[in-house]
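The next block holds one structure in the form of structure tokens; read it before the comments.
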Amino acid sequence: MISCTIGFAVGPQTHDQGLKYPLEYDKYQRGVMTLQDLFNEYPALENAFTAQVAYEGVYELPRPGFTDKVPNCAGCETGIKLAKGETPTVLVERCEGRESIPKQVTDNAYTWFDFDCDPCTGVYDRGTGQGYYLRHWNAESPPPSPGLNISSTYNYSANPNRVVAGGDNQITLAWDNVSETTPDPKSGEFDFRSYRIWKVSGWTRPAGSSGPNDEDWSLIGEYRLYDYGDTTGGKCGCNYAHDAGNDTLICPKVFVPNYYYPAGHPHCSQPGTSAVQLASGGCRDTATVGICLNNGDLWDKQSGSVLRPQPVDCVHTGGAGTPCVRDSGTVLGGDTSNPDDKRYAVHYPIGRYQIVDHEVKNGFVYFYSVTAGDSTGGAELYGRRSAVEADQVTPQSGTKTGKSVWVVPNPYRGFRNISERPSAWDLTPNATDPTGTHIDFMGLPAGSWKIRIYTVSGDLVAELHDSDPVNQSLRGNVTGPDGKVRPGYNRQQDNPNDGQARWDLISRNGQDIVSGIYMFVVDSKEGQQRGKFIVIR
């Protein structure tokens with residue numbers, strides 16, 4: 001498949017201006033008119049010209065670990081690398097008037113050749129012995145979006161390093177700091193400024209969609225980097241009052257209309273308050289709170305909440321004990337040629353930042369996206385929020401002790417048309433999900449279990465196991481950072497605290513079940529327990 005993107009530079013212009021443009025351009029080519037004069041006459045032209053210059057790009061030295069991907073000899077323009085597992089071979093570089101040079105080609109690294117016999121192709125500095133690569137689109141751009149723990153290539157049951165997202169009536173969103181360690185491609189500066197957190201709820205999988213549309217996303221928070229702390233003590237500084245006499249900190253007060261109090265906070269049980277109780281045990285109410293910040297904190301000025309970097313180990317260049325992965329760049333507003341302005345940013349894995357969303361319900365589908373913004377050029381640039389169906393995440397009821405399994409919804413009421421269904425619990429059917437709906441067994445015990453579903457006459461309808469995959473049709477295998485290949489799907493028991501299982505109302509014979517009363521039997525280390533549910537269609 002080939003994808004092509006075309007951009008049109010549009011600006012105000014009269015018909016007469018369009019007719020005389022060839023003459024004006026001829027004046028520019030003859031040196032009678034300057035380029036800036038041409039831009040002033042035709043504003044849209046400057047945009048197109050800037051885009052062309054950005055595409056032509058710049059030649060740069062390779063990043064550490066990628067030195068084999070640039071020429072390592074003068075005039076060498078062609079790099080060849082065999083596919084994994086192919087037997088090494090020898091190719092001969094032949095140029096008229098020069099001695100033939102045999103070179104071995106392997107599957108480990110690129111071997112470079114001067115096949116066109118032109119000493120001016122292939123960007124290689126004879127003096128330093130360094131090769132360069134051409135990076136197109138050398139333009140200001142927002143930082144890349146960070147890696148998330150809800151992405152399909154990370155949020156799978158077999159991932160041993162996973163930060164689990166789905167909890168009991170909550171979603172834990174975690175991400176890495178790649179947005180902060182990536183310098184701007186044009187300026188080379190570390191210009192990261194903030195994260196924006198986006199959420200989609202109520203998605204019903206419209207026919208033909210592969211994921212949420214742009215209009216489906218809602219902004220739930222913007223966390224800006226605080227990097228103006230008091231350099232003498234690492235405390236709040238800058239515009240925040242600091243009493244140097246007794247080294248105490250006077251934190252600013254922020255009015256928060258929907259402040260979250262954690263479970264067990266006395267405010268949640270204090271009589272006479274307007275606190276709204278949450279299923280998590282906490283509550284929300286208006287509050288005026290003090291915000292104390294340290295260098296490197298992220299804070300949301302709207303809600304007053306603060307995200308502090310978690311004390312996680314860095315990403316290593318190799319195994320444990322090897323150096324941390326670092327990116328080099330220039331301090332914001334610095335001089336790229338000045339060594340004193342050079343900075344290094346350490347890579348941290350997913351989990352560096354974490355936030356918990358309590359505004360979710362077990363069994364429903366949600367999407368999240370985190371975009372990063374910079375502070376270059378006077379106007380902040382942000383990345384685009386996006387997600388595909390395989391990135392969906394669902395809160396799961398926690399495990400229970402004893403015999404307490406129940407079915408949701410009960411009774412299940414089906415509707416012929418998706419528009420008549422009362423909530424986003426049901427999705428539009430598609431090829432990978434032919435019913436588009438489900439019932440969930442909640443309150444399952446920890447450890448292995450088996451659920452058998454029967455009709456009232458005793459016929460076995462379906463059987464579920466804790467190790468069954470739930471989204472295998474959407475996800476393939478995943479190769480982890482350790483090089484091991486693992487199944488990329490989620491299991492019914494997605495993690496040790498997952499006490500919820502999903503059934504798509506398809507019988508073991510591949511048929512959509514009919515209305516009726518159904519019995520279920522759960523076998524686990526807690527013993528056997530039984531129950532029933534009703535399906536109305």
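The values are calculated or read from the model by the stated rules, or taken from the named source; none is laboratory data. Owing to the predicted nature of the structure, the values given are computational and were not obtained by experimental measurement. Ideal geometry is used to build each Cβ from the backbone, glycine not excepted, and the neighbour counts take in all protein chains shown.
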**Request:** Quickly run through segment 440-467 and pick out the residues that are aliphatic (A, V, I, L, M), surrounded by 14 or more Cβ atoms within 10 Å (Cβ to Cβ) and farther than 21 Å from Pro496 by Cα.
**Result:** Ile453, Val461, Ala462
**Message:** Being buried (at least 18 other Cβ atoms within 10 Å of the Cβ) and more than 21 Å from the chain's Cα centre (by Cα) is the requirement here; does Gly363 meet it?
**Reply:** yes
**Prompt:** In segment 127-160, what residues are among the aromatic types (Phe, Trp, Tyr), in contact with a helix residue (DSSP H, G or I) (Cβ under 7 Å, 6 or more places away or on another chain) and within 24 Å of Asn177 (Cβ to Cβ)?
**Reply:** Trp137
**Asked** Which residues, taken from segment 92-105, are exposed (fewer than 13 other Cβ atoms within 10 Å of the Cβ) and either among the polar types (S, T, N, Q) or out of contact with any Ser or Thr (no Cβ under 8 Å at 6 or more places or on another chain) (or both)?
**Response** Glu96, Gly97, Arg98, Glu99, Ser100, Pro102, Gln104
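Which one of Val276, Val256 is within 21 Å of Ser194 (Cβ to Cβ) and either exposed (fewer than 14 other Cβ atoms within 10 Å of the Cβ) or at pLDDT below 80 (or both)? Walk me through it before giving the result.
Details: Val276 fails: within 21 Å of Ser194 (Cβ to Cβ).
From the options Val276, Val256, the qualifying one is Val256.
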**Prompt:** If you take the residues of segment 323-341 that are among the small types (Gly, Ala, Ser) and touching a helix residue (DSSP H, G or I) at 6+ places or on another chain (Cβ under 9 Å), which of them is nearest to Val178 (Cα to Cα)?
**Reply:** Gly329
**Message:** If the requirement is being of a type outside the set (Val, Ile, Thr), assigned by TED's automatic domain parsing to the domain that holds Leu225, exposed (fewer than 12 other Cβ atoms within 10 Å of the Cβ) and farther than 27 Å from Lys186 by Cα, which of these qualifies: Gly319, Gly333, Gly304, Gly264?
**Reply:** Gly319
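Conditions (1) part of a strand (DSSP E or B); (2) of a type outside the set (D, E, K, R); (3) in the same structural domain as Tyr489 (by TED's automatic domain parsing); (4) modelled with pLDDT of 95 or more, marked per residue:
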position: Thr401; (1), (2), (3), (4): no, yes, no, no
position: Pro422; (1), (2), (3), (4): no, yes, yes, no
position: Thr437; (1), (2), (3), (4): no, yes, yes, no
position: Arg452; (1), (2), (3), (4): yes, no, yes, yes
position: Gly458; (1), (2), (3), (4): no, yes, yes, no
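Counting only residues that are part of a loop (DSSP other than H, G, I, E, B) and hydroxyl-bearing (Ser, Thr, Tyr), which one in segment 106-120 is surrounded by the fewest Cβ atoms within 10 Å (Cβ to Cβ)? Write out each step before concluding.
Pass one, segment 106-120, residues part of a loop (DSSP other than H, G, I, E, B): 106-110, 114-120.
From the residues that got through so far, the ones that are hydroxyl-bearing (Ser, Thr, Tyr) too are 106, 110.
Values: Thr106: 14, Tyr110: 19.
Restricting to residues being part of a loop (DSSP other than H, G, I, E, B) and hydroxyl-bearing (Ser, Thr, Tyr), the top hit is Thr106.
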**Request:** Output yes when any residue across segment 348-369 is over 30 Å from Gly281 (Cα atoms) and outside any loop (DSSP other than H, G, I, E, B), and no when none is.
**Result:** no
**Prompt:** Just a yes or no: is a residue in segment 49-71 surrounded by 14 or more Cβ atoms within 10 Å (Cβ to Cβ), assigned by TED's automatic domain parsing to the domain that holds Gln130 and over 38 Å from the mean Cα position of the chain (by Cα)?
**Reply:** no
**Item:** Candidates Ala139, Ala83 - the one that is surrounded by fewer than 16 Cβ atoms within 10 Å (Cβ to Cβ) and at pLDDT below 90
**Value:** Ala139
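Name the residue that is nearest to Thr153 (Cα to Cα), counting only residues in segment 489-515 that are assigned to a strand (DSSP E or B) and either among the basic types (Lys, Arg) or in contact with a helix residue (DSSP H, G or I) (Cβ under 6 Å, 6 or more places away or on another chain) (or both). Please lay out each step first, then the result.
First, pick out the residues of segment 489-515 that are assigned to a strand (DSSP E or B): 491, 498, 500-503, 506, 512.
With either among the basic types (Lys, Arg) or in contact with a helix residue (DSSP H, G or I) (Cβ under 6 Å, 6 or more places away or on another chain) (or both) added as a condition, the list becomes 491, 502.
Numbers: Arg491: 15, Arg502: 22 Å.
It comes out as Arg491.
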**Total residues in segment 89-101, condition over 12 Å from Cys117 (Cβ atoms) and at pLDDT below 95** = 1
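Here is a list: Thr78, Thr89. Which entry is without any contact (Cβ under 8 Å) to a residue 60 or more places away in the chain, at negative phi and either surrounded by 13 or more Cβ atoms within 10 Å (Cβ to Cβ) or among the small types (Gly, Ala, Ser) (or both)?
Numbers: Thr89 fails: either surrounded by 13 or more Cβ atoms within 10 Å (Cβ to Cβ) or among the small types (Gly, Ala, Ser) (or both).
Within the list Thr78, Thr89, the selection yields Thr78.
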